[in-house]
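Since the structure comes first, as structure tokens, the remarks are kept for the end.
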Amino acid sequence: MEKSNIHVPSPLPSIIKNSVSSQTNFYKLAMQFQQMIMVYESGIKQIETKLDILNKENKIAGRRNSIETVKSRIKTPQSIIEKLEKKGLPISFTSMMENLNDIAGIRVICPYISDIYNIKNMLLKHPDITLIEEKDYIKDPKESGYRSLHLVVEIPVYLSESTHNVKVEIQLRTIAMDFWATLEHELRYKTTTSVPESVRRELKRVAENIAMTDKEMEEIAIELQHLE
Ligand code: 0O2
């Protein structure tokens with residue numbers, strides 16, 4: 001077997017380390033990875049365009065924006081490997097594409113809870129979007145207090161000679177839910193020791209207060225809408 005003279009830095013995942021038998025193999029692998037990322041990025045772009053059109057349509061009709069911010073990301077290779085390892089799944093391109101639903105992720109932040117469900121219904125009406133999975137952490141919050149609506153959808157990406165059905169995870173949440181999730185995430189990741197039970201309870205209590213405020217703000221908005 002031809003020996004590789006490519007220096008593979010140790011943080012590079014084993015998926016790449018084990019496969020580098022020659023420069024050609026490495027090149028092929030890099031190309032494959034680049035193409036995979038491009039396809040996922042295209043899936044994200046298509047959904048972002050749909051959300052952008054919705055916002056523009058609302059603006060022209062003189063309606064308020066139902067989307068405050070849209071953020072997107074592609075999961076890092078390290079994070080992909082960690083998740084596959086955690087789930088005891090094989091580490092390969094096929095495995096990550098078949099088993100991971102959140103390689104491509106979009107976060108949609110809305111002013112009110114009703115906006116979340118309106119956007120969901122709007123997206124699912126599109127014939128090119130297929131709902132694969134739905135987790136409603138607004139109706140059933142997670143033990144931590146986390147609230148959001150998670151949708152995994154599939155959307156076709158047309159390349160010159162092939163079509164790829166790409167899975168995209170869409171997390172929909174209100175500004176208030178995002179405020180809690182962002183700070184809680186940061187607190188958890190900054191803490192080197194495990195979070196004590198008392199702090200977990202406190203974070204959950206804060207999440208419940210925020211959820212109550214969210215509902216109150218929506219009630220005020222509805223009241224004002226009736227006055228107009
Ligand atoms: P990142 O960087 O946000 O991607 P599955 O993904 O379905 O195989 P899992 O892990 O049970 O399995 O999915 P879940 O819990 O439905 O969704 C995971 C994602 O939701 C997380 O992604 C977070 O973005 C978010 N999330 C879930 N629970 C919490 C929580 O308690 N606090 C905060 N702040 N976010 C949460 P990742 O992979 O952790 O990271």
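The values are calculated or read from the model by the stated rules, or taken from the named source; none is laboratory data. Quick caveat: nothing in here was measured; it's all calculated off a predicted structure. A quick note on method: Cβ atoms are made from the backbone with ideal geometry, for glycine too, and the neighbour counts reach across all protein chains shown. Ligands, DNA and RNA are excluded from the accessible area calculation, which covers all protein heavy atoms including side chains. Shrake-Rupley method; radii C 1.70, N 1.55, O 1.52, S 1.80 Å.
Details
- Considering residues of the range 159-191 that are touching a strand residue (DSSP E or B) at 6+ places or on another chain (Cβ under 7 Å) and over 25 Å from residue 113 (Cβ atoms) only, the residue farthest from the ligand (Cβ to nearest atom): 163
- Of the helices (runs of 4 or more DSSP H) entirely within the range 15-133, those holding at least 1 residues that are under 30 Å from residue 220 (Cα atoms) and modelled with pLDDT of 95 or more occupy 23-60, 113-125.
- Among the residues of the range 145-170, those that are open to solvent by less than 10 Å² (accessible area, probe 1.4 Å) and without any contact (Cβ under 8 Å) to a residue 40 or more places away in the chain comprise 148, 149, 151.
- Filtered residue count, the range 148-158, keeping only those that are more than 9 Å from the ligand (Cβ to nearest atom) and outside any strand (DSSP E or B): 0
- Looking only at residues of the range 194-206 that are away from the ligand (no atom under 11 Å from the Cβ) and open to solvent by less than 100 Å² (accessible area, probe 1.4 Å), we find that the one that is nearest to residue 145 (Cα to Cα) is 206.
- Of the residues making up the range 41-61, those that are farther than 16 Å from residue 118 by Cβ and among the polar types (S, T, N, Q) number 3.
- If the condition is being surrounded by fewer than 16 Cβ atoms within 10 Å (Cβ to Cβ) and either within 14 Å of the ligand (Cβ to nearest atom) or not β-branched (Val, Ile, Thr) (or both), then the range 123-135 contributes 124, 125, 126, 127, 128, 131, 132, 133, 134, 135.
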